[in-house]
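To keep things clear, I will list the structure first and then write my remarks on it.
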Amino acid sequence: MIINCGPLSDFTQARYVIYLSTGKRLVLFRLPSIDPSGSKPNEAQGWSYYAMEAECPHAGGPMADSQIDIEDSGYVASCPWHAYDFNVETGESSVGIKACTYPIDVREGTVLLSFPVEGGEHVELAKIEPVSEKVKLKHAIPSNKSSVPVQQAEPGMAHYLDDNATLCDWAVHILNTANPENKIELTTHLFRIFTEREASDSPMDIGRGTVPAPDQPPREKMFTVSPGAMPRTGKGGTLKSRIAMLHALANIELWAIDLAIDICVRFAAFQTEKTSQELPRAYFHDWLKVASDEAKHFSLLRTRIEEMGSHFGALPVHHTLWLSAQETAHDIRARISIIALVHEARGLDVNPMTIEKFRLNGDAPSVEALEVIHHDEITHVTTGHRWLTWICNEEETDPVQVFRSNVSKHFRGPIRGPFNEEARLQAGMDKRYYDPSSAVAAS
């Protein structure tokens, strides 16, 4: 049957989630037409439209967050969990499994979806939601950034580097940027230009080993206390309590930006033992994507805090996450283990409970922001798991044992539950990584 998704003019973003009355979810992609002739039914005004199932057929990963590439004159979407790739038009994959795709016809200014039904079943469009892609910046980005040298930028504005800057130059610049608004602006800009140049004939130079990372990123106008001196946030039953909870989470997201940027520059010159393999460029792309996500998360939380009548910086903060970064600054394996596979994974455990507190108190806007964050952070744990596994495969070691060894050396106390087993497994972490009863078997 044909389902009317709405007028073409409503579709301005790169991807949308389509909710059907049966509970089925699809993802709709709006991508630049590879063939600008516009001769296909799914093309209009220089754009091509594709629909596929929203869950990866391998393990249910969110295809709405997939990475899009062009291969063999067609678009390919790669699942953010385990990098399974699917042609968005045919559903074919290089790994042998196939995703369901659904024809799109753009006719008379309307986007129409062809969806198969059986036995006279009636299916309706429930809703369409744009995928949260953009960071909520407070200030407009200057149109000609590369022409404004760092020394001549206006006070309070973000300082942009020129086109000759390496990834490591950018990383150190972002780490040394104290203003949080400037930090998130520069972070999202770096990810965008790095990604764009990867597809060009002039990819960005990494700058391996050319510039040192700072010992600790500065903060602007923040009252820092020890973790034990932090005021209690409460359970979300009052506005004050919910603001405190969101403020604490925003602080975590701000440090998470620095952690994802730092892992790019601090270990840029890393080579594996025995094989002396450099980190591939995909490593840097993956961590810049994590940093960009964290910038988006901070902006969502900061915006919500302001909507509730407060502002980021109104409450004290702590820098426990950076203490873990300093503890693991000597070893990329330890860094990934503690930051991505302990701290980030712990977020997967507690996020659903936090979201439920806000839901029970009727705070739907906060729930919406927190669900975006939880969804993204599964992919961040996946990134950590992917690159620890890559290093261990090159060095012929067991990633589970490497992880557990680093936890025993660099994390105070055991990894405590309760565990979100489903989310952890989606990210690649089976029970051998965190279940105490699996420790003996793993060793």
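No value in this document is a laboratory result; all are computed from the given coordinates. All values derive from a computational prediction rather than experimental measurement. Every residue, glycine as well, gets a Cβ built from its backbone with ideal geometry; the counts of neighbours run over all protein chains shown.
Averaging the sequence gap over all C-alpha pairs within less than 8 Å and six or more residues apart, then dividing by the number of residues, gives region 2-72 a relative contact order of 24 percent. Ranked by the mean number of other Cβ atoms within 10 Å per residue, highest first, peptides 21-31, 167-177, 254-264 order as 254-264, 167-177, 21-31. Note on Asp69 and Asp35: the extension gain reaches 10.7 nm, defined as 0.36 nm multiplied by sequence separation minus the Cα-Cα distance. With a threshold of 28 Å on the Cα-Cα distance, the over-threshold entries among Lys24/Lys98; Lys296/Lys357; Lys274/Lys409; Lys409/Lys431; Lys136/Lys240; Lys235/Lys409 are Lys235/Lys409. Most tightly packed first, judged by the mean number of other beta-carbon atoms within 10 Å of their residues, the peptides 234-245, 397-408 read 397-408, 234-245. Entry note, the chain: relative contact order of 13 percent, from Cα contacts under 8 Å with a spacing of 6+ residues.
Using only alpha carbon pairs under 8 Å that are at least six residues apart, calculate the relative contact order of region 2-130 and give it in whole percent.
Rounded, it is 31 percent for region 2-130.
Cysteine residues of the chain whose Cβ has no partner cysteine Cβ closer than 4.7 Å: Cys5, Cys100, Cys168, Cys264, Cys392. Starting from the Cα of Asp10, step 7 Å toward the Cβ, then list every residue of region 98-114 with an amide N under 11 Å from that point. Zone members listed by number: 110-112.
Just from its helices, what would the mean residue ellipticity at 222 nm be for the chain, if runs of 4 or more DSSP H residues each count -39500 (n - 2.57) and the sum is divided by every residue, rounded to the nearest 500 deg cm²/dmol? Intermediate values should be presented prior to the final figure.
Working: 11 runs with 164 residues, N = 443.
Estimated from H runs of four or more residues: -12000 deg cm²/dmol.
The shape of region 145-442 can be summarised by an equivalent ellipsoid whose semi-axes, obtained from the alpha carbon gyration tensor, come to 29, 28, 16 Å from longest to shortest.
Dividing the Cα radius of gyration of region 2-130 by its Kirkwood radius returns 0.95 for Rg/Rh. Extending 7 Å from Cα along the Cβ direction at Ser226 and again at Glu396 yields two label points whose distance is 4.7 nm.
Multiply the residue separation of Ser408 and Met157 by 0.36 nm, subtract the distance between their alpha-carbon atoms, and state the gained length in nm to one decimal. Each step should come with its number before you reach the end.
Numbers: separation 251, 0.36 × 251 = 90.36 nm, distance 4.32 nm.
Stretched out fully, the Ser408 to Met157 stretch lengthens by 86.0 nm.
With the charge dipole of the chain set up from +1 on Lys and Arg Cβ and -1 on Asp and Glu Cβ about the Cα centre, the Cα lying farthest toward the positive end among the listed residues Ala213, Asn351, Leu239 is that of Leu239. Counting only whole DSSP H helices of the chain, the ones at least 18 Å long by C-alpha along their axis and with mean Kyte-Doolittle hydropathy no lower than -1.0 are 180-198, 239-265, 281-307, 345-360, 364-395.
Take the Cα of Met1, step 7 Å toward its Cβ, do the same at Asp201, and the gap between the two points is 5.2 nm.
How do the peptides 302-315, 201-214, 178-191 rank, highest first, by the average count of neighbouring beta carbon atoms within 10 Å per residue? Walk me through the intermediate numbers first.
Details: 302-315: 17.2, 201-214: 14.6, 178-191: 22.3.
Peptide ranking by packing, descending: 178-191, 302-315, 201-214.
Full-extension gain between Val211 and Arg107, please, as 0.36 nm times their residue separation minus the C-alpha to C-alpha distance. If you can, show how the numbers build up before the last one.
Details: separation 104, 0.36 × 104 = 37.44 nm, distance 5.40 nm.
Using 0.36 nm per residue and subtracting the Cα-Cα distance, I get 32.0 nm.
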